[in-house]
Amino acid sequence: MKSKKVISLIKNTAYYLEEIPGCRVDLVVPDAIKPRMKPSILRDLIHVA
């Protein structure tokens, strides 16, 4: 049950953050980014916390 609550919290956070700039956002854990994708993602990265 905890995992469903965590997923719900992450989704709600993403929806909230999307309202601010009016565009889609992706929330990721840095360790989950594949090494070949990291340079591309880091170029567009905006830290919020």
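Each value in this text was obtained by applying a stated rule to the coordinates, not by laboratory testing. Computed from a prediction, not measured in an experiment: that's the story for all the values here. Virtual Cβ from ideal backbone geometry, glycine too; neighbours counted across all protein chains shown.
Screening the stretch 1-36 for residues that are surrounded by 10 or more Cβ atoms within 10 Å (Cβ to Cβ) and of a type in the set (Gly, Ala, Ser) and picking the one that is nearest to the chain's Cα centre (by Cα) gives Ala14.
Listed by first and then second residue, the pairs with beta-carbon distance under 8 Å, at least 6 apart or on different chains, first residue in the stretch 1-26 and without any contact (Cβ under 8 Å) to a residue 40 or more places away in the chain and aliphatic (A, V, I, L, M), second surrounded by 10 or more Cβ atoms within 10 Å (Cβ to Cβ) and not in a loop (DSSP other than H, G, I, E, B), are Val25/Ala14; Val25/Leu17; Val25/Glu18. Scanning the stretch 37-49 for residues that are surrounded by 10 or more Cβ atoms within 10 Å (Cβ to Cβ) and in contact (Cβ under 8 Å) with a residue 12 or more places away in the chain yields one hit, Ile41.
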